[in-house]
């Protein structure tokens, strides 16, 4: 039985089956509108949500980005913005004995009154000029509390720690390639740092030198750990699991239809994962198999899941259309009456080359005559290029995508064949 989970972002075996009762589905929370929700966090009876500094899609709320709070299990939300810059994107939260911290696109902010007022706390963070962007970004991406210290992943500035709730930060960057540090996690007495490339690890006792975990480039978006396992949701390889303090990793993707996992949470043996385009998945056997649980997430953007949180008896997800909730017991115990449409084999092959510059080949297989959609998206879910949108006969197809004129970075290729979907991560390096 699992004990204590560390998140930075049952006995029932589920065989890749969604939930049964048609009335059992995700319901939209009130008060936050249709904002792009980036992060969810709970401490005590309070739950916090971080949103993106963009205008809401429908104009049904006057709020644009920033922090929100719920005191009723995530059903209703109110803004807590005082002290935050206008249109702030809140990437993550952490709680210490002194108060609450928020990682934002304006650095770290601190609140000693449960989010009612926020104060900037960036002393000691040496922000780095980004020649590709043409300016100095001040993005704090992830927060972690470990060994009575607070850690922040500060993008290309690296990793910093504080013993006074962010009043003063100290750099820990020896051996660390500063290529967008975006996630932090724990594995025993080691701290993990996720980048757009490999995972790095360091001793929590000494914080001397970072070492590359021998797995290669995985683009670790989030970490989740307990006494038995360490998980990472990646941009390339779905979900990876380690049993030896993150030295070796295995893929545990049975039932997943997405290779890009943005967030993870757990309670006991139940794991919840959020993906870039394919919604929410649940596992009740330590990640050996997964089931899609997307009933009710039918609106555009609701399957783009940036945050998941198990809070009380509810599971909350943050997506491009606000916050949605569903009872945890319903997810774990329900049995599906709907068929699963997970492909028996891989339809969409890995692109080649990958990374690429400026073009790459996309190969896919169609088993019978179907309408086929092959679309390239960026990590915000914006359509970059529709490569295929037509009815095709059964067969093997190859299409070339040329990214000339686009920014270097990670893109998602999504294939839809009838009611089957599959995604791959493409890395464009100019």
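Taken together, the values in this text are just the output of simple stated rules run on the coordinates, not laboratory data. Quick caveat, the model's predicted, so the values are computed rather than measured. Neighbour counts run over all protein chains shown; Cβ positions are idealised from the backbone, glycine included.
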Could you please rank 95, 52, 148, 371, placing first whichever residue has the fewest other Cβ atoms within 10 Å of its Cβ? 148, 371, 95, 52
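Need one number: the % of Cα-Cα pairs in the chain sitting beyond the 29 Å mark. Mind dumping the intermediate values first?
Numbers: 40317 of 92235 pairs.
When all Cα pairs of the chain are counted, 44 percent exceed 29 Å.
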Dimensions (Å) - the stretch 359-428, Cα atoms, principal axes, largest first: 36, 21, 16
Cα centroid separation, the stretch 85-129 to the stretch 163-222 (Å): 20 Å
